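**Q** Please see the structure below; I have some questions.
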Amino acid sequence: MAEKKHRGLSELLRVPGDEPVDLSSYDTRATTGGPSGKKAALADTALTGERLAGLQERLWAASTAGDRRRVLLVLQGMDTSGKGGTVKHVIGLFNPSGCRIRAFKAPTPEERAHPFLWRVRQALPHSGELGIFDRSHYEDVLIARVRELVPTPELGRRYGQINRFEKSLTDDGVTLIKCFLHISYDEQRRRLLERLDRPDKHWKFNPGDIDERELWPAYQEAYELALHRCSTPRAPWHLIPADRKWYRNWAVSRLLLEHLTALDPQYPKADFDVAECRQRLLKGA
């Protein structure tokens with residue numbers, strides 16, 4: 001276990017793009033590279049939050065001096081996999097003013113009138129920001145495949161378009177962190193039942209969720225294809241076992257920490273005479 005931790009969570013959870021993906025071979029309750037249990041994970045996440053806040057401030061500060069770098073966290077997963085919960089916990093570790101969050105729903109008539117990547121481009125983070133996508137452009141090769149919303153040849157072309165789009169983002173200073181939140185069929189049932197059993201959760205339930213659940217095998221196949229064809233060296237996918245919420249939150253925050261640490265943003269140097277300004281204030285200015 002110590003050797004695995006040394007390798008870094010990003011490497012441990014990375015989906016290899018050079019071979020087919022079989023989601024049934026991944027344990028949805030695994031705690032790969034993680035703390036010994038929930039209590040330890042919560043404590044570690046709190047410490048991670050302090051470090052993330054400092055790195056975020058440095059990233060934002062660097063942008064005021066022309067640093068174009070920014071981070072984009074992409075969250076995908078089946079219904080109830082915890083995309084919204086992850087957003088809630090991740091934002092709690094950051095200054096919200098430096099975050100740009102977008103939850104992608106069914107496209108509007110205006111969005112349908114444009115190429116499928118158009119609405120994604122409108123939501124990208126600006127320099128110094130952390131962007132978070134709750135669902136993303138991958139919906140256009142997931143639900144579009146399962147529901148047969150576009151012709152098969154066009155669907156096939158979209159994987160290449162996505163890879164070229166993501167490469168253009170990384171070329172322009174965007175650090176992409178793509179996370180697939182992997183839950184089991186049984187865990188999804190448990191979470192849906194919880195929403196039905198609790199009146200304060202009824203607003204989160206949609207009878208259509210049961211219809212989508214009946215398409216589970218088709219969605220698993222669609223995810224396997226997307227993970228295989230769009231996990232590239234510049235923008236790899238990370239598979240997050242998500243049956244344990246505490247591990248899911250810990251893993252995503254740890255991935256953010258690893259990537260922001262690697263960016264190592266720096267506070268810009270003052271473009272004014274610090275000593276002179278200090279003397280003016282001491283003299284009563």
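**Q** Only one of these is out of contact with any Cys (no Cβ under 9 Å at 6 or more places or on another chain), within 30 Å of ARG29 (Cβ to Cβ) and surrounded by 13 or more Cβ atoms within 10 Å (Cβ to Cβ): GLU187, GLU111. Name it.
**A** From the options GLU187, GLU111, the qualifying one is GLU187.
**Q** Return a yes/no flag: does region 228-246 have any residue that is assigned to a helix (DSSP H, G or I), in contact with a helix residue (DSSP H, G or I) (Cβ under 7 Å, 6 or more places away or on another chain) and under 27 Å from THR48 (Cβ atoms).
**A** Within region 228-246, one or more residues are assigned to a helix (DSSP H, G or I), in contact with a helix residue (DSSP H, G or I) (Cβ under 7 Å, 6 or more places away or on another chain) and under 27 Å from THR48 (Cβ atoms).
**Q** Continuing with this model, one more query. I'd like to check something: does region 222-229 contain any residue that is open to solvent by 10 Å² or more (accessible area, probe 1.4 Å), out of contact with any Ser or Thr (no Cβ under 6 Å at 6 or more places or on another chain) and small (Gly, Ala, Ser)?
**A** no
**Q** Restricting to region 156-168, give me the number of residues that are crowded, with 19+ Cβ neighbours inside 10 Å and either without any contact (Cβ under 8 Å) to a residue 12 or more places away in the chain or within 17 Å of the chain's Cα centre (by Cα) (or both).
**A** Residues meeting the conditions: 2.
**Q** So, one more: From the list GLY284, GLY208, exactly one residue is on the phi > 0 side of the Ramachandran plot and surrounded by fewer than 20 Cβ atoms within 10 Å (Cβ to Cβ). Which is it?
**A** Going through GLY284, GLY208 in turn, the sole match is GLY284.
**Q** Continuing with this model, one more query. How about region 247-278: which of its residues are more than 13 Å from GLN56 (Cβ to Cβ), outside any loop (DSSP other than H, G, I, E, B), open to solvent by less than 70 Å² (accessible area, probe 1.4 Å) and among the small types (Gly, Ala, Ser)?
**A** ALA251, ALA275
**Q** Would you be able to say whether some residue in region 64-75 is within 30 Å of LYS204 (Cα to Cα) and in contact with a Cys (Cβ under 6 Å, 6 or more places away or on another chain)?
**A** Yes, region 64-75 contains a residue that is within 30 Å of LYS204 (Cα to Cα) and in contact with a Cys (Cβ under 6 Å, 6 or more places away or on another chain).
**Q** Picking from THR45, THR32, THR108, which residue would you name as being β-branched (Val, Ile, Thr), in contact (Cβ under 8 Å) with a residue 12 or more places away in the chain and more than 21 Å from LEU263 (Cβ to Cβ)?
**A** Going through THR45, THR32, THR108 in turn, the sole match is THR32.
**Q** A further question follows. Which of the residues belonging to region 50-68 are surrounded by fewer than 17 Cβ atoms within 10 Å (Cβ to Cβ) and of a type outside the set (A, V, I, L, M, F, W, C)?
**A** GLU50, ARG51, GLY54, GLU57, THR64, GLY66, ARG68
The values are calculated or read from the model by the stated rules, or taken from the named source; none is laboratory data. Just so it is clear, the structure is predicted and the values come from calculations on it, not from any experiment. Because the Cβ atoms are built from the backbone with ideal geometry, glycine has one as well, and the counts that use them run over all protein chains shown. Side chains included, ligands, DNA and RNA excluded: accessible areas come from the protein's heavy atoms. Shrake-Rupley method; radii C 1.70, N 1.55, O 1.52, S 1.80 Å.
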